[in-house]
Amino acid sequence: MTFDYGLFLREEIYGTSGWQRLESYDLFLSAFNLGERIKIVFNEVRAAKKIWLIHEEYELGTEDLPEGDRFAQSGSDESTYCRALIDGLIAAGTLDPATSRLCIDITGILRPHLMFLILYLKRLGFRCVDLIYAEPRHYALKEKTPFSTGSIYDVRPVRGFEGSPSARGSNDFLVIGMGYDDRLLGAVAETKDKADKHQIFGLPSLRADMYQESVLRSRKVADELGDPGFSEYHRSFAPANDPFGTAAVLREIIERRLSSVPDTSVMLCPLGTKPQALGFALYHLFDCEQIGARILFPFSKGYSAKTGTDLARAWLYRVEL
């Protein structure tokens, strides 16, 4: 039986009419950076306990750090970081997989950490988690906005999303969630230069001009993507603020590929919005057990601590695991 991603709840909680009344939670987690929208959501959500997550990749100074409870762990990958976070909260009695109402703002969480966190909560027996995403009104430098910084030191599977080697075919097929960061796009495309590639753009985009800005950035690595002519055959579209719609589009792409080339090794790379990265993770969790798919990510030394300005809209996604 095929899982229906349309069963998940997606709700606008902030927009032109202001904030909708939010539920109260036992625990709220949010990754801190210098964007205003992160702080606005943190102050708006009601929870018995709130914790800021500190990513060293944002390279924040001591003077930048927020007041209140914080979690940080240096020199760790996404698996070690998230395990230490969740295991510590459970050991302290702050979080109970069976009873706690948990809410996470995914806006500032790095994509590999976001994906592993969802996987780990599922493994621990969490049945439901509410996730919030805050849209920027625009990016600071439009299509020239830098996202990753420093050297790209590795392109590897996200921990827990390595897939099954025994289920892989000999024909590589890479589906990339397209974002603004042409450095990361180029790194993963070059690493898998022999793979057939398919691009998912965020459309509808978060703001009217963001689709065009994303296209402009992606054209810088058109040769690496194997798409110098910007062929419609190599493109699909999924709403930039809808993880469930993204997962459904991924299902369509992969099913179409496997029906025409059964001997395919599926690789996924989420470089679009955080909701789309969540959609990639959900698709892998619910659809990929039999096909051995991997989620690849190009890891950069650092990431810009502020990319978007102001808060345009905020969304709540209720994920039942």
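The values are calculated or read from the model by the stated rules, or taken from the named source; none is laboratory data. Given the structure is predicted, the values throughout are model-derived calculations rather than measurements. Every residue, glycine as well, gets a Cβ built from its backbone with ideal geometry; the counts of neighbours run over all protein chains shown.
Scanning segment 111-161 for residues that are among the basic types (K, R) and in contact with a Phe, Trp or Tyr (Cβ under 8 Å, 6 or more places away or on another chain) yields a total of 3. Of all residues in segment 154-189, those satisfying the criterion of being modelled with pLDDT of 95 or more and among the acidic types (D, E) are D154, E162, D172. Within segment 40-65, being in contact (Cβ under 8 Å) with a residue 12 or more places away in the chain and within 18 Å of D310 (Cα to Cα) holds for I40, V41, F42, E44, V45.
It is to be established whether one or more residues within segment 38-60 are loosely packed, with under 14 Cβ neighbours inside 10 Å, assigned to a loop (DSSP other than H, G, I, E, B) and not hydrophobic (A, V, I, L, M, F, W, C). No, the conditions are met nowhere in segment 38-60. Do we have any residue at all in segment 88-98 that's touching a strand residue (DSSP E or B) at 6+ places or on another chain (Cβ under 8 Å), crowded, with 19+ Cβ neighbours inside 10 Å and in contact (Cβ under 8 Å) with a residue 12 or more places away in the chain? Within segment 88-98 (the criterion being touching a strand residue (DSSP E or B) at 6+ places or on another chain (Cβ under 8 Å), crowded, with 19+ Cβ neighbours inside 10 Å and in contact (Cβ under 8 Å) with a residue 12 or more places away in the chain), the answer is yes, since at least one residue qualifies. Taken together, the criteria place R21 among residues that are outside any helix (DSSP H, G or I) and in the same structural domain as V129 (by TED's automatic domain parsing).
Which one is surrounded by the most Cβ atoms within 10 Å (Cβ to Cβ) among residues in segment 281-311 that are charged (D, E, K, R) and part of a loop (DSSP other than H, G, I, E, B)? Full working, then the answer.
Within segment 281-311, the first condition is being charged (D, E, K, R), and the residues that meet it are 287, 289, 294, 301, 306, 310.
Narrowing the set further to residues that are part of a loop (DSSP other than H, G, I, E, B) leaves 289, 306.
Numbers: E289: 12, K306: 14.
The residue in question is K306.
Within segment 107-146, track down each residue that is under 15 Å from the mean Cα position of the chain (by Cα), more than 15 Å from K306 (Cα to Cα) and β-branched (V, I, T). Within segment 107-146, I118, I132 qualify.
Filter segment 114-143 down to the residues that are touching a helix residue (DSSP H, G or I) at 6+ places or on another chain (Cβ under 8 Å) and among the basic types (K, R), then identify the one that is surrounded by the fewest Cβ atoms within 10 Å (Cβ to Cβ). Within segment 114-143, the match that is surrounded by the fewest Cβ atoms within 10 Å (Cβ to Cβ) is K142.
Number of residues in segment 272-310 that are aliphatic (A, V, I, L, M) and either free of Cβ contacts under 8 Å to residues at least 40 places away in the same chain or more than 18 Å from D105 (Cα to Cα) (or both): the value is 5. Candidates are the residues of segment 120-139 that are among the hydrophobic types (A, V, I, L, M, F, W, C) and in contact with a Ser or Thr (Cβ under 9 Å, 6 or more places away or on another chain); the one that is farthest from A31 (Cα to Cα) is F126. For segment 238-277, taking the residues that are small (G, A, S) and surrounded by 23 or more Cβ atoms within 10 Å (Cβ to Cβ), the one that is farthest from the chain's Cα centre (by Cα) is identified as A238. Taken together, the residues in segment 236-280 that are farther than 27 Å from R313 by Cα, touching a strand residue (DSSP E or B) at 6+ places or on another chain (Cβ under 6 Å) and outside any helix (DSSP H, G or I) amount to 7.
A quick yes/no check of all residues on (1) in the same structural domain as P275 (by TED's automatic domain parsing); (2) crowded, with 17+ Cβ neighbours inside 10 Å; (3) modelled with pLDDT under 90:
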{"site": "Q199", "(1), (2), (3)": "yes, yes, no"}
{"site": "E213", "(1), (2), (3)": "yes, yes, yes"}
{"site": "L225", "(1), (2), (3)": "yes, yes, yes"}
{"site": "Y233", "(1), (2), (3)": "yes, no, yes"}
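Would you list the strands (runs of 3 or more DSSP E) that sit entirely within segment 109-188 and hold 2 or more residues that are free of Cβ contacts under 8 Å to residues at least 60 places away in the same chain and closer than 30 Å to P262 by Cβ?
Values: elements: 128-139, 148-157, 171-177.
Qualifying strands (runs of 3 or more DSSP E): none found.
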